[in-house]
Amino acid sequence: MWYDYRFRAYPDRTGVTAEVERHIDIHRQAYNHTRYEYSVLDTDEDNIGSAYQHQKRLTEWKDEWPVFSKVHSKALQKTVERFYDNLSNLSEKKQNGHKVGWLNWKSPSEYQSMTYSQSGFELKNTSGRTATIWLSKISDIPIRYHRSIPDNADIKEVTLKKETTGEWYVTFGLEVEDTTLPEKPAVDDVDVEDCVGLDLGIQNYIYTSDGNSVDWLDLSDEYERLRREQRNLSRKEHGSNNWEKQRRGVAKSKRRIKRRVEDFQHKLTTWLVTTYDAVFVEDLNVSGMLQQRGNARNKQDAAWRGFIEMLEYKGDLCGTHVVQVDPAGTTKECAECGVETDKPLWVREHSCPSCGFEADRDANASYNVLSRGLQELGLGQAESTPVETATAVETDGGQSSSVPVSRVVETGSLGA
C-alpha cells in the first residue's frame, strides 16, 4: 500500500533556497528536453517511447550538457518518468472521449517541484517537533515534523515543492507492506448492521443508509475573501511587485479553501472507517459531472473523487471494507420494489408509483447503494431489506438525523 505524508519545509533557514531553485530549474530543462526529443526523434532508433528507454539517453545528455550532472541521477530519471506519466494521463483522457492537445512546454513559474526516488535522501533528527531532510547535492533542509512516520512504513520517494503561496513543502511517498496492515473482517463475519451505504448529495455532503446526513461546510466567508483578493489583483499592474504580492494573497485564499475541504474530508472518512465494518459508495464520474451545466462550484468543493480515494486508503489502514458500486439509477430506482421513476433535480422526495414507498430522495439512493454494496461484497441480499434496516434506526417521526460538521470534526480525530 502506498500513501503520502506532507510536511512544511524551510530551505531558507539553512540558506539553500537558491540552490534548491537552481536544481528545480535544471529538472525543468530536462523535462522540456524530454518533450522535445519525444516529438522529433525516432522511437525505435533513438531509445525513446518509454520512460525506461528514454532514461538510457541521460548519459549522453550529461556528456553534452554537463549541467545535468549537477543534479542527483535518480531524481533526473524521475523527471523523465514524469513526462511519460503525463503523456499516459493525456492518452487515457483521449481514449475516454475527451478532447486533448499536446503536453505544454514548462516555464519556470509552471515547474516548481522535483522528486528523489529510491535514493539520494535521508530523514534525520526526528526526535522533536522539527526534523531534517538531507537531499543529495543540495544539503540539509529543516521541516516541521508535526507527526511521525509510521514504524511499518518505508520512505520510497521525497518530493520538494514550492507552492504558489511561496511556501515550501516536502512530501514523503510511503510504502507499507500489506501484511503489516490490520486484517479486514472476513466477508462471512461482516454484520449487515455494521455496513453503510453513502449517497454523495447536493443538499447534504453525504447521506447514509442508517438515516444520518452530514451537512456541507460553510465556505461563504472564504469565497467572499477570495473575491476581494481577486478584485484587488485585477487592479495591480501585471508583473509588478505589488501584483506579485497580491497574487500570493489570492493563492493563500485558494489554499485556505482547499485545506478546509481536505481537513473536513480527512475527519469524515476517519469517522466512517472507524464506525463501520463496510462502507459502500458510488463510483462517480466526477470529471463528467463537472462538465455538466449548473452547480459546478459545489461539485468542486465536494471533491468527491478525493473523498473516495481517502476512504479507500483509510479503509486499508483501519481494516474496513470500502467498496465502490455502480451509481447508475440509484436515485431513480425504488429501494423497496426496484421500479425506476424519473425525478428532476428539484424533486427531493422519492414516491414510488408502483409500491407506494416514500422516502427522502437521498435516503432512497443510499438504500440502493447499500443493497448493491452488499451484493458486490458477496453478502447477497440482507435478510431485511435496506429500507427496513434503515427505518429501524431512524429517529422519532421517521425523519433522518442531521450530523453537523462540528460533530464530524470532533469525532474524526485520526487526521491521517
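The table below lists the values:
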{"item": "Estimated FRET transfer efficiency when R0 is 51 angstrom, pair CYS337-ASP263 (beta carbons, to 0.05)", "result": "0.80"}
{"item": "P(r) tail fraction, segment 2-176 - alpha-carbon pairs more than 31 Å apart, %", "result": "21"}
{"item": "Portion, in percent, of the accessible area of segment 311-351 that falls on carbon or sulfur, probe 1.4 Å", "result": "52"}
{"item": "Accessible area in the full protein assembly, largest first, 1.4 Å probe, for VAL158, VAL323", "result": "VAL323, VAL158"}
{"item": "Principal-axis tilt of helix 17-40 within the chain, Cα atoms, nearest 10 degrees", "result": "80"}
{"item": "Projected-area average for the chain over all orientations - Cα convex hull basis, square nanometres", "result": "24.9"}
{"item": "Estimated vicinal HN-Hα couplings, Hz - segment 238-245 in sequence order (Karplus 6.51, -1.76, 1.60; Gly, Pro = x)", "result": "4, x, 6, 4, 5, 5, 5, 5"}
{"item": "From phi via Karplus (6.51, -1.76, 1.60), per-residue ³J(HN,Hα) for segment 343-356 in Hz, x at Gly/Pro", "result": "9, x, 4, 6, 7, 9, 10, 9, 9, 7, x, 8, 10, x"}
{"item": "Violating pairs (Cα-Cα greater than 28 angstrom) within the set LYS184/LYS254; LYS74/LYS94; LYS74/LYS161", "result": "LYS184/LYS254; LYS74/LYS94"}
{"item": "Neighbourhood net charge (11 Å Cβ-Cβ; Lys/Arg +1, Asp/Glu -1) for GLY319", "result": "-1"}
{"item": "Low-density loop positions, GluC sites (Glu not before Pro), segment 172-267 - DSSP coil, at most 13 other Cβ in 10 Å", "result": "GLU177, GLU183, GLU237"}
{"item": "Those residues of segment 89-114 whose amide nitrogen sits under 17 Å from the label point placed on VAL67, 7 Å along Cα→Cβ", "result": "105-114"}
{"item": "VAL347-THR179 FRET efficiency (beta carbon distance; Förster radius 56 Å; 0.05 resolution)", "result": "0.70"}
{"item": "Lone cysteines, the chain (no partner Cβ under 4.7 Å)", "result": "CYS195, CYS318"}
{"item": "Phi to ³J(HN,Hα) by Karplus 6.51 cos²θ - 1.76 cosθ + 1.60 over segment 274-284, Hz, x for Gly, Pro", "result": "8, 9, 10, 7, 8, 10, 10, 9, 6, 8, 7"}
{"item": "Sparse-neighbour loop sites [trypsin sites (Lys or Arg not before Pro); segment 152-257; at most 16 other C-beta within 10 Å; DSSP]", "result": "ARG235, LYS236"}
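The values are calculated or read from the model by the stated rules, or taken from the named source; none is laboratory data. None of these values were measured; they are calculated from a predicted model. Ideal geometry is used to build each Cβ from the backbone, glycine not excepted, and the neighbour counts take in all protein chains shown. When the accessible area is computed, the model is the full protein with side chains, heavy atoms only, and any ligands, DNA or RNA have been set aside. Shrake-Rupley method; radii C 1.70, N 1.55, O 1.52, S 1.80 Å.
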